[in-house]
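S.K.: First the structure, then my questions, so here it is.
The values are calculated or read from the model by the stated rules, or taken from the named source; none is laboratory data. These figures come from a predicted structure and were not determined experimentally. Cβ placement follows ideal geometry from the backbone for every residue including glycine, while neighbour counts extend to all protein chains displayed. Side chains are part of the model used for accessible areas, which takes the heavy atoms of the whole protein and leaves out ligands, DNA and RNA. Shrake-Rupley method; radii C 1.70, N 1.55, O 1.52, S 1.80 Å.
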Amino acid sequence: MRVAVVKIAPSELVPSPESFTSRLRSPAVAARIGLWLGICFAVCFLTGLLSHYAQALSHPIPFPTSPSWGYRVTQGLHVVTGTAAIPLLLVKLWTVYPKLFERPPLRHAGRLVLSLLERVSIAVLVGAAIFQLVAGLMNSTQWYPWSFSFRSAHYAGAWIAIGALVVHVAVKLPIIRDALGADVESTTHDRASATVDGPVSRRGLLRATWLATGVAVLATAGATVPLLRRVSVLGVRDGDGPQGLPVNRTADAAGIDPAATGDSWVLEVVNGDRSTSLSRADLEAMTQHTESLPIACVEGWSAGATWTGVRMRDLLDLVDAPEDADVGLISLQTRRAFGRTLMQANFARDERTLVALKVDGEDLDLDHGYPARAIAPNRPGVLQTKWLTRLEVQT
Ligand SMILES: Nc1nc2c(c(=O)[nH]1)N[C@H]1C(S)=C(S)[C@@H](COP(=O)(O)O)O[C@H]1N2
Ligand SMILES: [Mo]
């Protein structure tokens with residue numbers, strides 16, 4: 001009896017870079033998309049560092065309180081460029097993934113080490129980039145299925161991604177330069193097998209990529225840019241929430257007992273052994289100030305509003321707080337994070353910083369922090385503490 005033995009070489013099971021024949025997968029395309037991806041990552045990195053610093057407890061260099069809309073712009077940019085990076089990264093990975101199947105140069109120890117190093121650095125870059133974009137997107141949709149701290153993980157990921165990106169650009173710089181300097185149809189750095197025309201030209205692929213990126217931006221940027229609200233189907237829109245202002249965490253979600261916000265509510269202002277308690281009527285009897293200040297959420301949405309209430313510094317003066325003292329803001333909140341935040345002295349002393357009682361002329365809605373909330377200029381939304389019950393001068 002004869003047994004037919006069919007031998008399949010491993011090379012037939014696993015594709016090689018030469019199995020990929022489309023001319024679209026070329027350094028010419030990768031470099032052009034990579035350039036914009038690099039710009040998006042750089043903007044994301046810088047605006048992200050700023051946001052991380054703004055949320056730090058201590059500011060060796062004080063975070064400025066002006067312009068009042070500054071954080072609104074930088075955090076809006078952060079989320080918009082992060083969103084734009086998603087389609088860019090997908091197309092970029094598509095153009096380069098034949099490289100994944102390159103056979104390591106096993107016979108040559110020196111080249112093997114180099115090639116392994118390159119692979120590790122690319123794996124770190126791709127892994128960190130995907131993690132940053134996915135975690136960022138999930139955060140901006142307020143979906144937190146993980147148990148780690150988003151802020152620290154996203155911050156660590158940022159350094160890893162940007163470090164790996166710098167190495168990557170440095171290694172590829174000669175090819176990037178050549179590719180960007182030459183016509184997009186140039187074949188100089190193409191793989192030998194990349195000779196078959198795709199369904200579209202390289203220019204067509206690039207145009208489709210820019211279009212997809214533009215759509216991704218338009219679909220989300222309205223969360224920050226009022227003019228884009230109507231087209232931003234995926235963004236938070238103006239008017240989502242009471243008083244025409246989005247709500248990040250409702251009173252119910254924060255475990256606020258509505259009874260605790262009634263007539264018995266008082267705001268305690270404490271400086272060591274000096275303290276005072278003010279009812280809402282007491283606060284209303286003090287000099288009222290009105291300021292137009294945005295709420296700019298770290299998740300990218302922002303909205304302007306006009307707030308009326310008492311200046312934070314007037315309250316601090318009641319207990320003779322020192323000018324340079326930070327202030328703990330304590331909320332009635334019983335569930336989940338942000339029930340207690342720290343306001344640095346320069347914010348507490350800014351004349352625009354209010355303990356707000358009203359928004360746009362109406363008493364605050366319970367979901368916007370009734371009876372009283374903090375609102376300060378150029379500050380991440382997460383620190384604009386709602387349902388205040390106590391101001392604690394840090395001594
Ligand atoms: N006590 C308390 N204050 C809070 C929060 C919170 O969870 N608890 N969320 C903050 C966040 S993340 C934002 S963006 C703003 C949103 O304010 P708004 O819900 O009134 O629009 O409130 C901030 N104040
Ligand atoms: Mo927020």
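S.K.: Relative to the longest principal axis of the C-alpha atoms of the chain, give the angle of the C-alpha long axis of helix 70-96, reported between 0 and 90° and rounded to the nearest 10°.
M.R.: Taking the Cα atoms of the chain, the angle to 70-96 is about 20 degrees.
S.K.: A follow-up question, please. If the elastic network links every pair of Cα atoms under 10 Å, which of Leu93, Leu354, Leu165 fluctuates the most in the Gaussian network model of the chain?
M.R.: Of Leu93, Leu354, Leu165, the most mobile in the Gaussian network model is Leu93.
S.K.: Given a 1.4 angstrom probe, what's the average accessible area per residue across the range 300-395, in square angstrom?
M.R.: Numbers: 3210 Å² over 96 residues.
Heavy-atom SASA per residue in the range 300-395 reads 33 Å².
S.K.: Provide the FRET efficiency to the nearest 0.05 for the Val5-Tyr144 pair, computing r from the beta carbons and using R0 = 51 Å.
M.R.: On the way: r = 55 Å, r/R0 = 1.08.
After rounding to 0.05, the efficiency reads 0.40.
S.K.: Take the Cβ-Cβ distance between Ala219 and Val134 as r, set R0 to 22 Å, and report the resulting FRET efficiency rounded to the nearest 0.05. Mind showing how you got there, number by number?
M.R.: Details: r = 17 Å, r/R0 = 0.77.
Efficiency, from the Cβ-Cβ distance: 0.80.
S.K.: Run down the aspartates and glutamates and flag those whose C-alpha is under 15 Å from the C-alpha of Lys99, throwing out any fewer than 8 positions away in its chain.
M.R.: In chain and number order, the partners are Glu18, Glu118, Asp190.
S.K.: Could you tell me how many cubic angstrom of Cα convex hull volume the chain has per residue? Can you show the working numbers first?
M.R.: On the way: hull volume 83.7 nm³, N = 395.
Looking at the chain, the number lands at 212 Å³ per residue.
S.K.: Here is a further query. For the chain, what % of the accessible area comes from carbon and sulfur atoms, probe 1.4 Å? Numbers along the way, then the final one.
M.R.: On the way: 12650 of 20030 Å².
Accessible surface attributable to carbon and sulfur in the chain totals 63 percent.
S.K.: Could you give the length gained by full extension between Asp263 and Lys99, i.e. 0.36 nm per residue of separation minus their alpha carbon distance, to one decimal place?
M.R.: Value of the extension gain: 52.2 nm.
S.K.: Within 10 Å of each candidate Cβ there may be at most 13 other Cβ atoms; applying that plus a DSSP loop requirement, which chymotrypsin sites (Phe, Trp or Tyr not before Pro) in the range 287-394 survive?
M.R.: Working: sites: Trp301, Trp307, Phe338, Phe347, Trp387; in loops: Trp301, Phe338, Trp387.
Here no chymotrypsin sites (Phe, Trp or Tyr not before Pro) fit, given the DSSP loop and packing criteria.
S.K.: Continuing with this model, one more query. Mind checking the full-extension length gain between Leu46 and Asp282? Use 0.36 nm per residue of separation minus the Cα-Cα distance, one decimal, nm.
M.R.: Working: separation 236, 0.36 × 236 = 84.96 nm, distance 4.36 nm.
Gain on stretching Leu46 to Asp282: 80.6 nm.
S.K.: Here's another thing I want to ask about it. Taking R0 as 56 Å, what's the FRET efficiency between Thr250 and Lys172 from their Cβ-Cβ distance, rounded to 0.05? Walk me through the numbers on the way to the answer.
M.R.: Numbers: r = 48 Å, r/R0 = 0.86.
That pair, Thr250 with Lys172, gives E of 0.70.
S.K.: Please determine, in degrees from 0 to 90 and to the nearest 10, the orientation of helix 150-181 with respect to the longest principal axis defined by the Cα atoms of the chain, where the helix direction is its Cα long axis.
M.R.: Roughly 40 degrees between the two axes.
S.K.: Relative to the longest principal axis of the chain, what angle (0 to 90°, nearest 10) does the C-alpha long axis of helix 202-221 take?
M.R.: Helix 202-221 sits roughly 20 degrees off the main axis of the chain.
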